[in-house]
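Below: one structure, written as structure tokens.
The values are calculated or read from the model by the stated rules, or taken from the named source; none is laboratory data. Note that the structure is a prediction, hence the values are computed from the model and not measured. Positions of Cβ are generated from backbone atoms using ideal geometry, with glycine treated the same way; all protein chains shown enter the neighbour counts. All accessible areas refer to the heavy atoms of the entire protein, side chains included, with ligands and DNA or RNA removed. Shrake-Rupley method; radii C 1.70, N 1.55, O 1.52, S 1.80 Å.
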Amino acid sequence: MTLAELVLTGDLARPARLTVPDLLRWPQHRVRSSFECATSGIQHHAFTGPRLYDVLTAAGPGFDPARRKDRLRFLIAVSGADGHHALLSWAEIDPDFGHAPVLLGVSIDDTPLDRAGPQLVLPQDRCGARHISGITGIRVDGGYGGWHPAPATPGRVSAAAP
């Protein structure tokens, strides 16, 4: 049996390749989730898995302790085998801020996801758009690939404003 694998990359001290059996080594949490699916109506499921926060913290995000609130600038990009993507902020999952119970689901309705791969579970979302099945990659990014916003001109909304 071939196990699905997800890759943790980005601003991490310990990038990793993880399978569902690897994710079972973290404390497991169970959540019930209901979300409205545009194509099939309201879905109700029970998921079990580790918290995304715990898995990413173990990978050592590259927070700069000299920068106040540095962790708040970090983004988390999740990609699925079917091409779907979702974006979260570190503040959403951090216990000092949003503390959202985001899981990497390793089972759905007591069915293991070993071959299909883990699912991103956001029980707080009403719509299932950020629910990602068959996660293939999670990228933690504190630098946005070198992108930096242009400094604002004092007193002007944009450079094009008169």
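Within region 21-46, the set of residues being of a type in the set (A, V, I, L, M) and either more than 25 Å from Ala129 (Cβ to Cβ) or modelled with pLDDT under 90 (or both) comprises Leu24, Ala38, Ile42. Selection of region 58-82 for residues being more than 20 Å from Gln119 (Cβ to Cβ) and either among the hydroxyl-bearing types (Ser, Thr, Tyr) or open to solvent by less than 20 Å² (accessible area, probe 1.4 Å) (or both) yields Gly60, Asp70, Phe74.
Reported count of residues in region 83-139, each being in contact with a helix residue (DSSP H, G or I) (Cβ under 7 Å, 6 or more places away or on another chain), open to solvent by 10 Å² or more (accessible area, probe 1.4 Å), among the charged types (D, E, K, R) and more than 23 Å from Pro21 (Cα to Cα), is 0. Scanning region 88-100 for residues that are among the aliphatic types (A, V, I, L, M) and free of Cβ contacts under 8 Å to residues at least 24 places away in the same chain returns a single hit, Ala91. In region 114-128, the residue that is farthest from the chain's Cα centre (by Cα) out of those that are part of a loop (DSSP other than H, G, I, E, B) and more than 25 Å from Leu3 (Cα to Cα) is Arg126.
Counting the residues of region 34-54 that are within 18 Å of Pro15 (Cβ to Cβ) and either part of a loop (DSSP other than H, G, I, E, B) or in contact with a Phe, Trp or Tyr (Cβ under 6 Å, 6 or more places away or on another chain) (or both) gives 2.
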